[in-house]
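What follows is a set of notes on a single structure, which appears directly below.
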Amino acid sequence: MAFYDPPVTDGLANGITIGSLVLAAWSLLTTALNRPVGRSHLVGLGLIELALAVQVVVGVVKMAGGERPEEMATFIGYLIASLLVLPVGAALAIIERSRWGSAIVALASLVIPVVIVRMRQVWGG
Amino acid sequence: MGDGRVSDGEVANGRAINAGPGRLLIAVYAIFALSASARAGFQIATKLGDAPLAYLLSALAAVIYVLATVGLARGGRVGRRIAVVCCTVELVGVLTVGTVSILAPSVFPDDTVWSYYGRGYGFVPLVLPMLGLFWLWRTSRPARE
């Protein structure tokens, strides 16, 4: 019943977590170096967003196939939220043309692993 | 969202609250506004009877986070005032509810954002209003540069 069952999903979730943490670390570094958001941040955000979209598709396919998360409504809420965090963060970060834009990317990236952990909890109980 | 322009009151006596570090603050508040609203909405819709006081408090916290986000993003004299009020209410709320939840846990059978000083959220609910009030205070004076 768990989200872990097929290894591909577990690998995807772990990959998203690691990627998010790497991007967060990079963004904190560029914040410390007083650099605004650049192409590297946007590419990182794009790749993670893509992986999150794949995860949503996998989640929806599983639910359509009859699997049910323990807390369905909450799980769907997290699926939707997982897609919103990075684009909103990216928009704010692009507007803010200073080191604080980098800090916003770091913040948004750190939210993703939390969302992943919560998704696993509400799926498996 | 604010674009960092200096608006009305700030022309005379301070800096914009919605630019620089302020924009990071808006992002943190937006995350809390979203998660607190979703959580409170879900709790009230599905199990209000279990712990009405806790869930209504969650809803109040959610409203305050939303208002604080709007105030900080809007900026200007009105935005600043909204943000000051919200941050103050938040600080009083987290200190009060945090203390009550330790001294009399039975008052809140289920956790709220502010229980145990926001421990369930990494104590961010405790630190956030302090950061907010500090930022609002800093920007209320003319820039030193």
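No lab work stands behind these numbers, since they all come straight from the coordinates. Everything quoted here is computed from the prediction, not taken from an experiment. Here the Cβ positions follow ideal geometry from the backbone for every residue, glycine too, while neighbour counts run over all protein chains shown.
Computed quantities for the displayed model
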item	result
Chain B - Debye-derived log10 I(q)/I(0), Cα point model, q = 0.13 Å⁻¹	-0.57
Mean separation of Cα contacts under 8 Å (6+ apart) over length of chain A, as relative contact order %	43 percent
Shielding by partners, peptide B:25-31 (average Cβ within 10 angstrom, other chains)	5
Order by protection proxy (mean Cβ within 10 Å, highest first), peptides B:21-33, B:119-131	B:21-33, B:119-131
Highest-fluctuation residue, B:LEU72, B:LEU56, B:LEU91 considered, GNM on chain B with Cα pairs under 10 Å	B:LEU56
Rounded to the nearest 20 debye, dipole of chain A from Cβ charges on Lys, Arg, Asp, Glu	440 debye
Unit Cα scatterers, Debye sum, the stretch B:37-86: log10 I(q)/I(0) for q = 0.15 Å⁻¹	-0.46
Among A:ILE76, A:GLY65, A:LEU92 - extreme Cα towards positive end, dipole of the stretch A:46-108, charges at beta-carbon	A:LEU92
0 to 90° range, to nearest 10: angle between helix B:124-139 axis and chain B longest Cα axis	20 degrees
Dipole of the protein assembly as shown, positive direction: furthest Cα of A:GLY38, A:VAL114, B:ALA40, with charges on the beta-carbon	A:GLY38
Packing rank of A:38-44, B:81-87, A:16-22, where each peptide gets the mean count of other beta carbons within 10 Å, highest leading	B:81-87, A:16-22, A:38-44
Per-residue Cβ neighbour rank within 10 angstrom, fewest leading, A:LYS62, B:LYS47	B:LYS47, A:LYS62
Principal-axis tilt of helix B:21-47 within chain B, Cα atoms, nearest 10 degrees	20 degrees
Rounded to 10°, Cα long-axis angle of helix B:52-74 versus longest principal axis of chain B	10 degrees
